[in-house]
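The values are calculated or read from the model by the stated rules, or taken from the named source; none is laboratory data. Remember, predicted model here, so these are calculated numbers, not experimental data. Cβ placement follows ideal geometry from the backbone for every residue including glycine, while neighbour counts extend to all protein chains displayed. Only protein heavy atoms, including side chains, enter the accessible area calculation; ligands, DNA and RNA are left aside. Shrake-Rupley method; radii C 1.70, N 1.55, O 1.52, S 1.80 Å.
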Amino acid sequence: MTSSYDPKKITEIHEHLHSELPSDPALRVKALESLLVEKGMVDSAAIDAWIDLYAEEIGPKRGARVVAKSWTDPAFKARLLADGTAAISEFGYQGHATGHVVAVENTPVVHNLVVCTLCSCYPFALLGMSPGWYKSQEYRARAVRDPRGVLKEFGVSVGDEVEVRVWDSTAELRYLVLPQRPAGTDNLNEDQLAALVTRNSMIGTDRVLKVAR
Amino acid sequence: MARVHDMGGLPGQGRIVMDPDDHPFHADWEARMWGINEALEGPASWSLDWWRYVRELIQADDYLTRPYFDQWMQVYAAMMVDSGLATPAEIARGTGGRKPDLRKPMGPGDVAKVSAITRDFRRPADQKPAFTSGNKVRTKTFPEGFHTRLPGYLMNRTGIIHAHRGNHLLPDEGAKGRHVAQHLYTVTFSGADLWPGEGRDKDRFNADLWESYLERA
């Protein structure tokens, strides 16, 4: 059960699989699961449990709570900016792909945007599943070349006075954008503030958070 | 082997397609595949970077056209064949072959605990970092055909060290099954340098790069 670490061998295997596996991905995945269960490598009930956990418990609401706390508690914000992983652990949100969380803060003259140009790295335990567009060729290619054009497609316009900072997740660091607290929210509590924070604002494809009137 | 996955800065890309329903899975099989990835521990030789490398080696047409989670299926299938755990025919049929000597798989009761495990990729360093914040560095150019986390659009460019992030496991070695750590830095590149003449002068592009990717500029 070693691995060859041999790209030539893997290329040949990929070609072989390409011609031998069923063409319908649903059938391919079903066959893979059956085989893994038969070989005692996977328990289907554990797959169900993972899907339920991410559907119900682990999602962008976690990140939103962290952002809201950073708006209301300056000491927490300082801890979050100093060590993102330690700060989210205060909420019990540590988990997948959050071993090295780095929070980056938007200001009136700074906007942050996160991408993974090489694959699809994302802080899963903090933001849940990544959206499809985050994994798309178009986003991965353009976020590091034309970030303002990308933002425009998300309905975000940033003025010339704003510096756009793009963060390409090339290592195991995972970036969390801290959006700005919207004006007119002084009377809101932390839960109400968290409800304003969108997933996209924590990736950087949203900037001005909306406040319900 | 062209770097098909290395998409940063590729010209000629169209608009970003957004899902109207914004659901992470578009079919049951996508959720199943994601769940297999979570519930399967696999042999110790299946390192994270080996997994990434096997995905990068998917035929270019498949990489560019097959749905994201379908590529994951292909990665696991290829790693199983490579490790002698199954033949392509067994994977196609979904049955057959020997049962490997692996520990009992994760059960549903283990999932909450496993989901809260955070991996720390830092290792103790026996050397001091070569660079500090503010240093000017030049990135190297690596040939195609091996796994690296230095993206093509950042090869042979000049940047500034923004922060030292500790001594992190080096993916280039992890994809060969070797656990070697090196100092990691966040490096900032200016839009004017990366994309001259494209009106990006005000923008800053950051990436996390290992010491062996960099030399003093």
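Of the set (1) surrounded by 24 or more Cβ atoms within 10 Å (Cβ to Cβ); (2) touching a Leu at 6+ places or on another chain (Cβ under 8 Å); (3) touching a residue at least 60 places away in the same chain (Cβ under 8 Å), all apply to A:Tyr175 but (2).
Summed over the range B:13-34, residues that are surrounded by fewer than 11 Cβ atoms within 10 Å (Cβ to Cβ) and at pLDDT below 95 total 2. Each residue in the range B:142-166 was checked for being open to solvent by less than 20 Å² (accessible area, probe 1.4 Å) and touching a Lys or Arg at 6+ places or on another chain (Cβ under 6 Å), and 1 of them qualify.
As for the range A:127-140, it holds no residue that is in contact with a strand residue (DSSP E or B) (Cβ under 8 Å, 6 or more places away or on another chain), open to solvent by less than 10 Å² (accessible area, probe 1.4 Å) and polar (S, T, N, Q). Among the residues of the range B:171-217, the ones that are more than 9 Å from chain A (Cβ to nearest Cβ) and part of a helix (DSSP H, G or I) come to 8 in all. Scanning the range A:131-153 for residues that are within 7 Å of another protein chain (Cβ to nearest Cβ) and assigned to a helix (DSSP H, G or I) turns up A:Gly132, A:Trp133, A:Lys135, A:Gln137, A:Glu138, A:Tyr139, A:Arg140, A:Ala141, A:Arg142, A:Pro147, A:Val150, A:Glu153. Of everything listed in (1) touching a residue at least 12 places away in the same chain (Cβ under 8 Å); (2) buried (at least 21 other Cβ atoms within 10 Å of the Cβ); (3) facing another protein chain (nearest Cβ under 7 Å), the single unmet condition for B:Pro43 is (2).
Could you tell me whether the range B:152-162 includes any residue that is assigned to a loop (DSSP other than H, G, I, E, B), facing another protein chain (nearest Cβ under 7 Å) and under 18 Å from the mean Cα position of the chain (by Cα)? No. What about B:His168, is it under 16 Å from the mean Cα position of the chain (by Cα) and outside any strand (DSSP E or B)? Against the criterion (under 16 Å from the mean Cα position of the chain (by Cα) and outside any strand (DSSP E or B)), B:His168 does not qualify.
Among the residues here, A:Trp167 does not qualify as in contact with a helix residue (DSSP H, G or I) (Cβ under 6 Å, 6 or more places away or on another chain), crowded, with 19+ Cβ neighbours inside 10 Å, at pLDDT 95 or above and within 8 Å of chain B (Cβ to nearest Cβ).
Here B:Leu102, B:Leu57 are screened, and the one residue that is out of contact with any strand residue (DSSP E or B) (no Cβ under 7 Å at 6 or more places or on another chain), under 18 Å from A:Ser120 (Cα atoms) and open to solvent by 10 Å² or more (accessible area, probe 1.4 Å) is B:Leu57. Could you figure out which of (1) touching a helix residue (DSSP H, G or I) at 6+ places or on another chain (Cβ under 7 Å); (2) over 26 Å from B:Ile36 (Cβ atoms); (3) touching a residue at least 24 places away in the same chain (Cβ under 8 Å); (4) buried (at least 20 other Cβ atoms within 10 Å of the Cβ) isn't true of A:Gly84? The one condition A:Gly84 does not meet is (1).
In the range B:1-12, which residue that is more than 22 Å from A:Met129 (Cα to Cα), among the aliphatic types (A, V, I, L, M) and facing chain A (nearest Cβ under 7 Å) is most open to solvent (accessible area, probe 1.4 Å)? Among those that are more than 22 Å from A:Met129 (Cα to Cα), among the aliphatic types (A, V, I, L, M) and facing chain A (nearest Cβ under 7 Å), it is B:Met1. Taken residue by residue, the range A:96-119 has no member that is out of contact with any helix residue (DSSP H, G or I) (no Cβ under 8 Å at 6 or more places or on another chain), away from chain B (no Cβ under 12 Å), surrounded by fewer than 15 Cβ atoms within 10 Å (Cβ to Cβ) and part of a helix (DSSP H, G or I). Within the range A:47-82, the residues that satisfy the criterion of being more than 19 Å from the chain's Cα centre (by Cα) and not assigned by TED's automatic domain parsing to the domain that holds A:Ala194 are A:Ile47, A:Asp48, A:Ala49.
If you filter the range A:1-33 down to residues that are open to solvent by 40 Å² or more (accessible area, probe 1.4 Å) and over 29 Å from B:Ala175 (Cβ atoms), you find that the one that is farthest from the other protein chains (Cβ to nearest Cβ) is A:Ser23. None of B:Lys99, B:Lys140 is basic (Lys, Arg) and not assigned by TED's automatic domain parsing to the domain that holds B:Leu170 except B:Lys99.
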